[in-house]
1. Could I get the Rg over Rh figure for the range A:336-429? Both from C-alpha atoms, Rh via Kirkwood, rounded to two places.
2. How large is Rg/Rh for the range A:236-422, to two decimals, with Cα atoms and a Kirkwood Rh?
3. Starting from the range A:70-112, pick out the trypsin sites (Lys or Arg not before Pro) whose DSSP state is loop and whose Cβ has at most 14 other Cβ atoms within 10 Å.
4. Give a quick list of trypsin sites (Lys or Arg not before Pro) in the range A:214-309 that DSSP marks as loop, anything other than H, G, I, E or B, with at most 15 other Cβ atoms within 10 Å.
5. Where the eigenvalues come from the Cα gyration tensor of chain B, what are the semi-axes √(5λ) of the equivalent ellipsoid, largest first, in whole Å?
6. Whole angstrom only: what separates the Cα centroid of the range B:49-64 from the Cα centroid of the range A:374-400?
7. Given R₀ = 25 Å, FRET efficiency for A:Asp223-A:Leu170 by Cβ-Cβ distance, to 0.05?
8. Taking a ≥ b ≥ c as the square roots of the eigenvalues of the Cα gyration tensor of the range A:192-252, is the shape rounded (a/c under 1.5), prolate (a/b larger than b/c) or oblate?
Amino acid sequence: MVFSNRIDEKDLHKEQKLLILAAFPALFLIFGIFYGLVEGTKGRTILEGLSAIILSPTTLITDFLVIGGIGAAFINSALIGFYNLYLLKHFKMRINGLLIAAFFTVLGFAFFGKNVINILPIYLGGYLYARYQKIPMKNVILVIMFSTALAPIVSFITFGGIFQEGFSYLMGILAGLAIGFIIVPLSSHMIRFHDGYNLYNIGFTAGIVGTVITSALRSFKIDIAPVNIISESNNPWIIGMLACLFIYLIGAGLRTNPTTLKDYKKILQYRGRTITDFTSLVGYGITFFNMGVMGLSSLLLVLLLGGVVNGPVLAAILTVVGFSAFGKHPKNAWPLVAGVILAGLFFSYDFSSTTFIISLLFSTTIAPIAGAYGPIAGVIAGMLHLTLVTNIGIIHGGINLYNNGFAGGLVAGFMLPIIDAFKRGDSRP
Amino acid sequence: MRHEIKKICRIVDELTTMFLKDDTDEVDFKIITSPEKAIIRIVDYHTNYSDQMIDQLRTTLNNQRQSEIEEYYWQLAGENDDDDEELTLISAMIDTATVEKREGNLYIELVRMNR
């Protein structure tokens, strides 16, 4: 049986935790402004870049580093990051592992798919749901943060050219409101399909919603054409900045809990299945340390495979970092990574391609399978994940940004009853 | 709050599974609901839990009510008999927990305020 550990660490106030998280959007904003000014001298200003990001249909895969430029993409991410931090502070939320995961996921996907405009109708839809059900907005804010995975629907309907300009704005806003309204009960219900073994549950839910919406659009002969706009070259400043931020997290962890190095093994005993909130189980010090370690490992893996740290890869790395506060650690993540690499070898994938790299990093969404059933089950899950994720994007037409969460949910829902069928008797000692 | 009765049943389901699987062959549950709050009283007879484990159980259950986690994940409670991660979920769904060992039995009282 696994309970909370006795945690002897420096007590952090809520504001201190928010400040630690705020370092990410703060540095992104400073970097974005300086880099944007440099880009401005070469032809594209920050405002032009932000405008291009906002007016893009943003379907998978649209890299904002290409669409709007590096400066504007980082400013977009910073603004979305600060907006969400403001909401957490405004609603007096306890900064738990899940909120940290949500914050980093939103921050990361602001590099490919989410912008300062297309997320707003979804938040408003969540607000309307809370008013309708007479529950506080703070109860649903977490799901709404994650549900911005479907923000491309708002952009596609608004700027995809399927309706007349003007009317398309109204339809885009209505689509966002509808998503925000229905996503809370849907996500709560869908989790039973995979029993919490898929950490990106909203990705699974958004995949179902995206499939329904895309099918409806196709019935009206409106097809969502997949795009593949991705940056093909590495920027040393981005890599350096990420490395510094992850070292900063490790430092924050060591400062919060000086015995982190000695106690780090405690986090490895957890299987990671939802709900594994490391902030309450092992404390904030070990949690921040784990986030930094996972971030550095992810970055190193991308570079070792010859990949490019572009918008989608930034999203993948930051999501892994976020969920390292809520279920992921090296012990339950490596079998998935190994499984994806094995499947990649078998099916002759290009290891340096962005599609492969993000599948590799996001495959850790089903790390709890390895945590609960061992590394062999984890490797098989990783192999299955790669085969599914490269084939299911077509179903939802690329309007679900968390495509890997959708695949992960299917893999977990498929594997768990089979694993259970091979178990004999009860597990009572 | 929606699905209030079902959420209480999920809490009971989760704890029944945990005690019968990990600790004992005999458990009593008493559930009292009122417009203000719900109280769940549990007696886990002839407990084998050590004092340290009981102390950890008390700490875990008194973590803090977290409405956003409850709203999102409450349907997971009582769903699985393979691990104990859902105890964190139970702690997010209750306001206070009293955990005591007396005469070889484990007495637990959970209070869930209606909000």
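1. On the way: Rg = 14.0 Å, Rh = 13.7 Å.
My calculation puts Rg/Rh at 1.02.
2. Numbers: Rg = 16.2 Å, Rh = 16.7 Å.
Taking Rh as the inverse mean 1/r over Cα pairs, Rg/Rh reads 0.97.
3. A:Lys92
4. A:Lys221
5. Working: eigenvalues 97, 45, 35 Å².
Value: 22, 15, 13 Å, ordered largest first.
6. One Cα centre to the other: 38 Å.
7. Numbers: r = 22 Å, r/R0 = 0.88.
The computed FRET efficiency comes out at 0.70.
8. On the way: a/c = 5.34, a/b = 1.58, b/c = 3.38.
It comes out oblate by the Cα gyration axes.
Bear in mind these aren't lab numbers, they're just calculated from the coordinates by the rules spelled out. As the structure is a computational prediction, the values presented were derived from the model and not from experiment. Don't worry about glycine lacking a Cβ; one is built from the backbone with ideal geometry, like all the others, and counts go over all protein chains shown.
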